[in-house]
Amino acid sequence: MSFEDWLYRKADQNAHNEILAFLMMIMGVNLLIGGLVVTVITVGEPALLPFINQQPLSYSAMIGFTLTLAGFAILAVGFILVVHYDRERSWYVSETTKSTTYRKKKPTAKAIDQTLQELASQRKG
């Protein structure tokens, strides 16, 4: 396997991981909205800081609060992963374009002779 093939595979793999991170963000939004809906329906007025108010919460309110926290955490992690995989993929793509442009710009014998003559004239002068 050549270096270019490896770069193409890694770019494809990171594109796939980026799609999975987007799906993770969608799952986090669903949990976040579901938790908020459960909390609002069961409690009426959600006590977002139950430890300060010292009022007992029902089982369904705790489920809603847990879903909200889990949804927010999964959404945040998904967003961070999307940015991470996008940056990695763009690096692999830029390295692929660098490697292909280098192959396209192979030095000719004439260019090498001209470069050697310029270096020889600089040393003499």
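Summary of values
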{"item": "Of all residues making up the range 1-22, the number that are out of contact with any helix residue (DSSP H, G or I) (no Cβ under 7 Å at 6 or more places or on another chain), closer than 17 Å to Val83 by Cβ and not β-branched (Val, Ile, Thr)", "result": "3"}
{"item": "Verdict on Leu57 being surrounded by 14 or more Cβ atoms within 10 Å (Cβ to Cβ), modelled with pLDDT of 80 or more and either over 30 Å from Glu4 (Cα atoms) or not aliphatic (A, V, I, L, M) (or both)", "result": "no"}
{"item": "Tally of residues being of a type in the set (Asp, Glu) and either at pLDDT 95 or above or under 30 Å from Thr68 (Cα atoms) (or both) across the range 1-33", "result": "1"}
{"item": "Tyr85 part of a helix (DSSP H, G or I), at pLDDT 85 or above, among the hydroxyl-bearing types (Ser, Thr, Tyr) and touching a Lys or Arg at 6+ places or on another chain (Cβ under 9 Å)", "result": "no"}
{"item": "Positions within the range 60-99 being within 16 Å of Asn30 (Cβ to Cβ) and loosely packed, with under 14 Cβ neighbours inside 10 Å, in sequence order", "result": "Leu69, Ala73, Ala76"}
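The values are calculated or read from the model by the stated rules, or taken from the named source; none is laboratory data. All of these numbers come straight from a predicted model, not from anything done at the bench. No Cβ is skipped: glycine too gets one built from the backbone with ideal geometry, and neighbour counts run over all protein chains shown.
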